[in-house]
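Reading through the structure tokens given below for one structure.
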Amino acid sequence: MSYTVKIDDTEFKFTKDQLDSEPGNELATFFLQGIDRASSPPSTGKVLRLEKDPLLFKLIQAHLRGYDVLPIPDTLVPNYMSKEGALENLQRDARSLGLRRLEDKVLNYQLNLARGTQVKIPVARKKYKLA
């Protein structure tokens, strides 16, 4: 079962494990509320439409898949914003979606950049079973 977030014409698919990888986030609440998370959820066919930038949302999707997303690759910085602006907007999107770990990672990354210190990115703790 996958859950779909639609931004413009781009669809982003998530699994239940990915949505649960960061507890308390708004995506999990939307798709999984009222579902026994220990069992397989029924097919709901829900699609969440968001007004976000699809390039930055790719970073959110990668984060929920357990990948490190910082530093942001140049190819995922929208052409109408600076790299600093993309970081700030990613942090805002993370906050609005209740992705506290991602928000903290972005804030720490920005602080380390401002201090001129070497940035250490923590390794994702969530392990996924391969199908």
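The values are calculated or read from the model by the stated rules, or taken from the named source; none is laboratory data. Note that the coordinates shown come from a computational prediction; the quantities given were computed from them, not determined experimentally. Using ideal geometry, Cβ is built from the backbone for each residue, glycine included, and neighbour counts are taken over all protein chains shown. When the accessible area is computed, the model is the full protein with side chains, heavy atoms only, and any ligands, DNA or RNA have been set aside. Shrake-Rupley method; radii C 1.70, N 1.55, O 1.52, S 1.80 Å.
Counting only residues that are of a type outside the set (Asp, Glu) and open to solvent by 20 Å² or more (accessible area, probe 1.4 Å), which one in segment 86-96 is farthest from Ala114 (Cα to Cα)? Quick ask: steps written out before the conclusion?
The first filter runs over segment 86-96 and keeps only residues of a type outside the set (Asp, Glu), leaving 86-87, 89-92, 94-96.
Okay, now just the ones that are also open to solvent by 20 Å² or more (accessible area, probe 1.4 Å), so 89, 92, 95-96.
Working: Asn89: 17, Arg92: 18, Arg95: 21, Ser96: 24 Å.
Ranking the candidates gives Ser96 first.
Go through segment 98-131 residue by residue and tally those that are over 17 Å from Ile72 (Cβ atoms), open to solvent by less than 70 Å² (accessible area, probe 1.4 Å) and modelled with pLDDT of 85 or more.
Count: 1.
Among the candidates Pro42, Pro71, single out the residue that is under 15 Å from the mean Cα position of the chain (by Cα), modelled with pLDDT under 95 and open to solvent by 30 Å² or more (accessible area, probe 1.4 Å). Spell out how you get there, then give the answer.
On the way: Pro42 fails: under 15 Å from the mean Cα position of the chain (by Cα).
Criteria check complete, one pass: Pro71.
Mind checking which residues of segment 1-31 are open to solvent by 30 Å² or more (accessible area, probe 1.4 Å), out of contact with any Ser or Thr (no Cβ under 7 Å at 6 or more places or on another chain) and in contact (Cβ under 8 Å) with a residue 24 or more places away in the chain?
From segment 1-31, those open to solvent by 30 Å² or more (accessible area, probe 1.4 Å) are 1-2, 6, 8-11, 13, 15-17, 20, 23-24, 26, 29-30; that's our starting set.
Checking which are out of contact with any Ser or Thr (no Cβ under 7 Å at 6 or more places or on another chain) leaves us with 6, 8-10, 16-17, 20, 23-24, 26, 29-30.
Matches in segment 1-31: Lys6, Asp8, Thr10, Lys16, Asp17, Gly24, Glu26, Thr29.
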